[in-house]
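Reviewing the structure listed below.
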Amino acid sequence: MNSLTENKLPVSSLHKKIILASQSPRRRQLLEWAEIPFEIIIQSTDESYPANLSVEEIAIHIARNKALAVLQATQVTIPVLAADTIVVLCNEVIGKPVDRADAIAILSKLSGQQHTVITGVVIRHGEKEIAFADATEVEFHPLTLEQIVFYVDKYQPYDKAGAYAIQEWIGVIGIKSVKGDFYNVMGLPVSRVVQALLQC
């Protein structure tokens, strides 16, 4: 047997079945693209956080609560993956918009500015936990109010941190630059997740 064959691992050994503790269609799509078998289990959780946390710790704190809620409710024995994404502009944490007016206001703030998208990831497998945060810098071109209103009314980004999805129309026409993991902005730094799952 040659060394190349000996060192090659089958896909199944790299991609274990996991629980995804998220109802995000973007995270589901990313795991499907990575060919990681999963099932979705979600539990309602409090997304508040202590005031003294850093922005990275905020995202991890919320993700950890999601993972623990699923573990406490189900007692599953396979890895549980949870994530939370926040947008940070000038030290202001921006979550999901509460309504149309809020979405328009958020995108008006982001227009022409650089902001940071942070996704906190927590993987729990038994007593073992792997937790990390990934940050991506995103800069928008100046957006007109007409563009913002069109996007909000057509795409209704009320379930998205920062009131936008990078893979939708607003990202295609409005984003000037991305520094970091593109998929992190979609909601999951999937390559880092795969590496972390290898340790579970």
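Selection of the range 39-63 for residues being among the hydrophobic types (A, V, I, L, M, F, W, C) and under 16 Å from residue 118 (Cα atoms) yields 53, 55, 58, 59, 60, 62, 63. Taken over the range 151-167, the criterion of being in a helix (DSSP H, G or I) and either within 13 Å of the chain's Cα centre (by Cα) or closer than 18 Å to residue 119 by Cα (or both) is satisfied by 161, 162, 163.
Residues that are in a helix (DSSP H, G or I) and among the hydroxyl-bearing types (Ser, Thr, Tyr) within the range 66-87 comprise just one, 74.
Residue-by-condition table, conditions (1) surrounded by 14 or more Cβ atoms within 10 Å (Cβ to Cβ); (2) within 13 Å of residue 60 (Cα to Cα):
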site: 91; (1), (2): no, no
site: 96; (1), (2): yes, no
site: 101; (1), (2): no, no
site: 126; (1), (2): no, no
site: 129; (1), (2): yes, yes
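Looking at the range 143-200, which of the residues that are among the small types (Gly, Ala, Ser) and in contact with a Phe, Trp or Tyr (Cβ under 8 Å, 6 or more places away or on another chain) is surrounded by the most Cβ atoms within 10 Å (Cβ to Cβ)?
The residue in question is 174.
Pairing residues of the range 148-176 that are in contact (Cβ under 8 Å) with a residue 60 or more places away in the chain with residues that are of a type in the set (Ser, Thr, Tyr), at Cβ distances under 6 Å and at least 6 apart in sequence or on separate chains, gives 157/164; 161/85; 170/151; 170/164.
Within this structure, residue 57 passes the test of being modelled with pLDDT of 95 or more and among the acidic types (Asp, Glu).
The values are calculated or read from the model by the stated rules, or taken from the named source; none is laboratory data. Quantities reported herein were computed from a predicted structural model and do not represent experimental measurements. We place every Cβ from the backbone using ideal geometry, glycine too, and count neighbours over all the protein chains shown.
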